[in-house]
1. Express in nm, to one decimal, how much length is gained between residue 328 and residue 347 on full extension, taking 0.36 nm for each residue of separation and deducting their alpha carbon distance.
2. Students often get this wrong: which residues of segment 97-134 have the backbone nitrogen under 11 Å from the point 7 angstrom along Cα-to-C-beta of residue 84?
3. At q = 0.19, 0.25, 0.26 Å⁻¹, what is the base-10 log of I(q)/I(0) for segment 244-316 according to the Debye formula with one equal point scatterer per Cα and no solvent? Please give it to two decimals.
4. Sequence gap at least 6, Cα distance under 8 Å: using those rules, report the relative contact order of segment 72-348 to the nearest whole percent.
5. Which longest run of the chain has no exposed loop site in it, a site being trypsin sites (Lys or Arg not before Pro) in a DSSP loop with at most 11 other beta carbons within 10 Å, and the site itself not part of the run?
6. Counting only Cα, what are the radius of gyration and maximum Cα-Cα distance Dmax of the chain, in Å?
7. Could you work out how far apart the two model spin labels at residue 107 and residue 173 are, taking each label as a point 7 Å from the Cα in the direction of the beta carbon, and quote it in nm?
8. Quick one: grab Rg to one decimal and Dmax as a whole number for segment 72-348, Cα atoms only, in Å.
Amino acid sequence: MKSNAIYDQDDLWNKDRLHAVHGWTDYSNFRDQGSEILVEADGLYVTDINGNRLLDAMGGVWCVNVGYGRDEIVDAIAAQARRLPFANPFRATTSPPAAQLTAKVAQLAPGDLDHVLFSAGGSTANDAALRLIQLYFNTTGRPDKKQILSRVDAYHGSTSASASICGIAQNKVGFDLPDVGTRYVSAPYEYRNPQNLQGQAFSDFLVDEFAETVKSIGPEKIACFYAEPVMGMGGVLVPPPGYFSRIAEICKENDIIIVADEVVTGFGRIGEYFASDAVFEMAPDIISCAKGLTSGYLPLGATIISSQIMDALQTPVAEGATFTHGFTYAEHPVCCAAALANIDIMERERIPENVQALSPYLKSKLDSLLDLDIVGDVRGAGFMFAIENVADKKTKALFPAPVGIGQRIAKHARDRGLIIRPGGHLNILSPPLTLKREDIDFIFDTLRESIEATQGDLAREDLL
Ligand SMILES: Cc1ncc(COP(=O)(O)O)c(C=O)c1O
């Protein structure tokens, strides 16, 4: 460990501790414990202020898809900031990178999803999707189609509307979120479904439940279905076979707009630029994306819509009405330049193909952790996995929350040079997509050691 001489660590730590309001933070201990400070990064690795170099198997927050330290993206950002740092995105003004990126995203998106509305990130992309859907049904003479279908444990963002559509109940406590009319169906959480159904039988159950929900609400009242192709924050839940294609059929029959939330799964994480249709046959009408669009180098989100929705938007909702939605920083030319450079790297280095080639190896390594006493389930797709830790494998009983099982394992991993994300009883991996075989070996060896070390601690504390 060597401290970083450029920075005054205590000063930074105190400034942050006393003044920062971070998202997703436990404030019961934050003012005492403060934040970890990261100072630099390269490739798969970040370095903290104490000089510890850590393999970031969380890819920032599921976003640094091409890895850190890409001069090409940095140079594109600097060049664009010098040339034109801002362009008014409203009233039909654009900039060269925004125009190029719009066409590039439309080209990568499936089917006739050819029209792109930019925003600041994933939450705003999902929020904008809802506004577009409302406008779509209002302008096409179906103002009663307003209900939203979502899933238990879904995560769609932190703006008021997107948070309201989320299905993670505990995240809503204490907030008076607007009622945007959301109804929930079950998550594809095979490991813990009450009837212990598997594979096709579980798929049948979920599809029947979806069909019954549509029938009971009345399709004439349902506007849309929001769904992450692989649910991320809800626990990396991969749908069972046929699930999305069958649900898509029900949606098409009943004119229910499918919003594929590809904020995490987009741009290579599941081995395709967009996984919703290519991997899961979801046939979306709208895709929201962010994160991997710029690999996190700058903030940018996008809502990609079908020609059918675009046609309706071109019809004024009232005489002389214009499209009254927009964010100042949407289409930001510097962010668009970063996205173009990022996609260039992905295409040149065939990064989605790397995920396709190495995902089975990563999966087989992680699956082999199932021989450990506390590893109850390993699941995921592409380069997106969760390990579910349990106190008893037979009953699937969880450790009491105060044990902080995910945190303990993540702490052991960090001490060994690996960042994984703790989430309650889970540990989540979402590494840069440039991972090589030997990096997977390091991740696997470190995880195994960390879980074994945690098991040792628990045994010593009589918790196992
Ligand atoms: C599936 C999904 N949708 C939306 C969001 C929100 O994106 P942002 O944090 O960029 O607003 C996230 C963030 O993690 C996400 O995982």
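The values are calculated or read from the model by the stated rules, or taken from the named source; none is laboratory data. Keep in mind the model is a prediction, meaning the values are calculated, not measured. FYI the Cβ positions are ideal-geometry reconstructions off the backbone, even for glycines, and counts take in every protein chain you see. Only protein heavy atoms, including side chains, enter the accessible area calculation; ligands, DNA and RNA are left aside. Shrake-Rupley method; radii C 1.70, N 1.55, O 1.52, S 1.80 Å.
1. Residue separation times 0.36 nm, minus the Cα-Cα distance, leaves 3.9 nm.
2. Within reach of a label on residue 84, which here means backbone N under 11 Å from a point 7 Å along Cα→Cβ, segment 97-134 contributes 97-100.
3. -0.80, -1.09, -1.13
4. 30 percent.
5. Answer from the scan: 92-393.
6. Just the Cα atoms of the chain yield Rg and Dmax of 22.5, 74 Å.
7. Simple spin-label model gives 4.9 nm for this pair.
8. Cα only, segment 72-348: 18.7, 60 Å (Rg, Dmax).
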